[in-house]
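Take a look at the structure set out below.
The values are calculated or read from the model by the stated rules, or taken from the named source; none is laboratory data. The model shown is predicted, which means the values in this text are computed figures rather than measured ones. Here Cβ is always computed from backbone atoms with ideal geometry, including for glycine, and neighbour counts include all displayed protein chains.
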Amino acid sequence: MDYGTSKQYYSKNKEYFSKEYWRDNNGADLVRANGFREYPIFVYTALCQQIHKDGKILDLGCGNGLMLKHLMQYSGYKLIPYGIEFLKDSIKQAKEILHPQYKNNLIVGNIIDYSFGKGPFDFIFLSPHHIHPLDRKDFLKKLKKNCAQDGKIIFYAHSDVLKGHQYNWVGEFPEIKNWKLARKDSPQISIAVWEKY
């Protein structure tokens, strides 16, 4: 698979997601603005099951914060949300509609430029295909460093992403396949969890 340069990869992704999420969307459809046609209850429930304590939760590529909202409402734990997303319209929606009380925790930017200044984080969510392969190794080191003790990094990928990479589960991404990962797949999403002890 030809990813091009890092700059090309992120630019192409930004253009694609902007069209997918925001073309003909006036902002009234919170679900579509997060990349879905209908509320992804089974996906979010599978991710919610990875939460095991109160803490700070970071979603790298948070869209409009819909997943963060679900985790906060249904995990049974007190969570403080943080997120970064390169789509300005998505972050605007997150700040104004879904998380106005946490608007200072949500920023516009590229995932790889995240400073982790508010860390360490108890839960970090990332779909590794959002990171250019040449950037993954260094970025993943930052994730480990900024994960709190007794915290988790939750990697996930949808079936179309796995198919495109010819993987059976998210733990097959080369940069994480040697990590000690727990496989937590569900029918609609592949999940790999790394815990920091």
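What do you reckon, is Asp122 within 25 Å of Thr45 (Cα to Cα), in a strand (DSSP E or B), under 15 Å from the mean Cα position of the chain (by Cα) and among the acidic types (Asp, Glu)?
yes
Can you report the number of residues in segment 1-50 which are free of Cβ contacts under 8 Å to residues at least 40 places away in the same chain, closer than 29 Å to Leu134 by Cβ and surrounded by 12 or more Cβ atoms within 10 Å (Cβ to Cβ)?
The number of residues fulfilling the criteria is 5.
If only one of Ser159, Ser190, Ser127 is farther than 20 Å from Ile112 by Cβ and surrounded by fewer than 22 Cβ atoms within 10 Å (Cβ to Cβ), which one is it?
Numbers: Ser190 fails: surrounded by fewer than 22 Cβ atoms within 10 Å (Cβ to Cβ); Ser127 fails: farther than 20 Å from Ile112 by Cβ.
Going through Ser159, Ser190, Ser127 in turn, the sole match is Ser159.
Counting only residues that are without any contact (Cβ under 8 Å) to a residue 40 or more places away in the chain and part of a strand (DSSP E or B), which one in segment 62-90 is surrounded by the fewest Cβ atoms within 10 Å (Cβ to Cβ)?
Ile80
Hey, can you tell me all the residues within segment 63-108 that are among the basic types (Lys, Arg) and over 23 Å from Gln49 (Cα atoms)? Explain how you work it out, then say what you get.
Step one: filter segment 63-108 for residues among the basic types (Lys, Arg), giving 69, 78, 88, 92, 95, 103.
Across segment 63-108, the qualifying residues are Lys88, Lys92, Lys95, Lys103.
Would you check if there is a residue in segment 21-38 being of a type in the set (Ser, Thr, Tyr) and modelled with pLDDT of 95 or more? Show your work before the answer.
Residues of segment 21-38 that are of a type in the set (Ser, Thr, Tyr), as a first pass: 21.
Within this subset, residues satisfying the condition of being modelled with pLDDT of 95 or more are none.
Within segment 21-38, none of the residues are of a type in the set (Ser, Thr, Tyr) and modelled with pLDDT of 95 or more.
Of the residues that make up segment 57-76, is at least one among the charged types (D, E, K, R) and touching a His at 6+ places or on another chain (Cβ under 8 Å)? Write out each step before concluding.
Here is the first cut: in segment 57-76, the ones among the charged types (D, E, K, R) are 59, 69.
Right, trim to touching a His at 6+ places or on another chain (Cβ under 8 Å) and you get 69.
There is at least one residue in segment 57-76 that is among the charged types (D, E, K, R) and touching a His at 6+ places or on another chain (Cβ under 8 Å).
Looking at this structure, is Asn105 surrounded by 20 or more Cβ atoms within 10 Å (Cβ to Cβ), out of contact with any helix residue (DSSP H, G or I) (no Cβ under 8 Å at 6 or more places or on another chain) and polar (S, T, N, Q)? I'd like the intermediate steps shown before the answer.
Values: surrounded by 20 or more Cβ atoms within 10 Å (Cβ to Cβ): yes; out of contact with any helix residue (DSSP H, G or I) (no Cβ under 8 Å at 6 or more places or on another chain): yes; polar (S, T, N, Q): yes.
Criteria met by Asn105.
Is one or more of the residues making up segment 137-147 touching a Lys or Arg at 6+ places or on another chain (Cβ under 8 Å) and either within 17 Å of Asp59 (Cβ to Cβ) or modelled with pLDDT under 95 (or both)? Walk me through how you get there before you give the answer.
Taking segment 137-147 first, the residues touching a Lys or Arg at 6+ places or on another chain (Cβ under 8 Å) are 144, 147.
Filter once more, so that each one left must be either within 17 Å of Asp59 (Cβ to Cβ) or modelled with pLDDT under 95 (or both): 147.
Checked segment 137-147: at least one residue is touching a Lys or Arg at 6+ places or on another chain (Cβ under 8 Å) and either within 17 Å of Asp59 (Cβ to Cβ) or modelled with pLDDT under 95 (or both).
Give segment 91-119 a look and list any residue that's aliphatic (A, V, I, L, M) and part of a helix (DSSP H, G or I), or say none. Quick ask: steps written out before the conclusion?
Going through segment 91-119, the residues aliphatic (A, V, I, L, M) turn out to be 91, 94, 97-98, 106-108, 111-112.
Of everything in segment 91-119, those that are aliphatic (A, V, I, L, M) and part of a helix (DSSP H, G or I) turn out to be Ile91, Ala94, Ile97, Leu98, Ile111, Ile112.
Which of the residues spanning segment 1-37 are within 20 Å of Asp59 (Cα to Cα), in a loop (DSSP other than H, G, I, E, B) and not hydrophobic (A, V, I, L, M, F, W, C)?
Across segment 1-37, the qualifying residue is only Gly35.
Based on what the data block shows, is Asn110 surrounded by 15 or more Cβ atoms within 10 Å (Cβ to Cβ), modelled with pLDDT of 95 or more, polar (S, T, N, Q) and closer than 24 Å to Lys7 by Cβ?
Answer is yes for this residue.
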